[in-house]
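Participant: Could you have a look at this structure, given as structure tokens, before my questions?
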């Protein structure tokens, strides 16, 4: 991850793009004229997490790198607001109360051992057949889980393959640049 970085200005642009996508859902009149830097044109994955107060209201992302980062952020913002099956869609009354957290991801790296996971630094992605699940790096910090709990919960609760299902699944790690519109001004 050390070779890729975002300036505060670029983070603010991504947050503005995400916020404007939310507003456009409810017919707010917003302009889409962003100063897109070379970093924002890079092809990398991203997740957008939407919070109302301390309550998660949506979190969806994409690992694939088919589009420039700023386009990916647009897409996953809409998906987080409307398509996260765990929550009802964001309403127009909530838009101004939503805090946006963006996680820009490094490429997935296949690992063979849980010793290769550093809590708070690495997110995990588990894949077994058509089933898969992920936890962003910040999940480990918010839950205070051990590595075994981090992987076990992801395996069972996200991938749906049981607590020990990761043992015969593909296991990947990744890093993220994480920022939100409360931290960046």
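Participant: Per q in 0.11, 0.18, 0.20, 0.22 Å⁻¹, report the Debye log10 I(q)/I(0) for segment 109-174, using one uniform scatterer on each alpha carbon and no solvent.
Facilitator: -0.19, -0.52, -0.65, -0.79
Participant: Along the principal axes of its C-alpha atoms, what lengths does segment 138-179 span, in descending order and rounded to whole Å?
Facilitator: 32, 19, 15
Participant: Given the options 31, 101, 118, state which has the largest fluctuation in a GNM of the chain using a 10 Å cut-off (strictly under) for Cα springs.
Facilitator: In this elastic network of the chain, the residue with the biggest mean-square fluctuation among 31, 101, 118 is 31.
Participant: So, one more: Would you calculate the volume per residue, in Å³, of the smallest convex hull containing every Cα atom of segment 8-106? Could you put the intermediate results ahead of the total?
Facilitator: On the way: hull volume 9.7 nm³, N = 99.
Each residue corresponds to 98 Å³ of Cα convex hull volume.
Participant: I need the fraction of alpha carbon pairs in the chain separated by more than 31 Å, rounded to a whole percent. Each step should come with its number before you reach the end.
Facilitator: Values: 2794 of 17020 pairs.
Pairs farther apart than 31 Å: 16 percent.
Participant: In degrees between 0 and 90, to the nearest 10, how far off the longest principal axis of the chain does helix 8-25 point, with axes built from Cα atoms?
Facilitator: Orientation of helix 8-25: about 80 degrees from the principal axis.
Participant: Rounded, prolate or oblate for segment 14-60? Axes are the square roots of the Cα gyration tensor eigenvalues, ordered a ≥ b ≥ c, and the cut-off for rounded is a/c under 1.5. Don't jump to the answer; show the numbers that get you there.
Facilitator: Values: a/c = 2.74, a/b = 1.22, b/c = 2.24.
It comes out oblate by the Cα gyration axes.
Participant: Please give the helix 69-82 orientation as an angle from the longest Cα principal axis of the chain, in degrees from 0 to 90, rounded to the nearest 10.
Facilitator: That helix lies at roughly 90 degrees to the long axis.
Participant: How would you rank 9, 153, 43, 122, going from fewest to most other Cβ atoms within 10 Å of each one's own Cβ? Please report the intermediate quantities before stating the final value.
Facilitator: On the way: 9 10, 153 18, 43 13, 122 23.
Going from sparsest to densest Cβ surroundings: 9, 43, 153, 122.
None of the figures in this text is laboratory data; all of them are computed from the coordinates on show. Being a predicted model, the structure only gives us computed values, none of them experimental. Every residue, glycine as well, gets a Cβ built from its backbone with ideal geometry; the counts of neighbours run over all protein chains shown.
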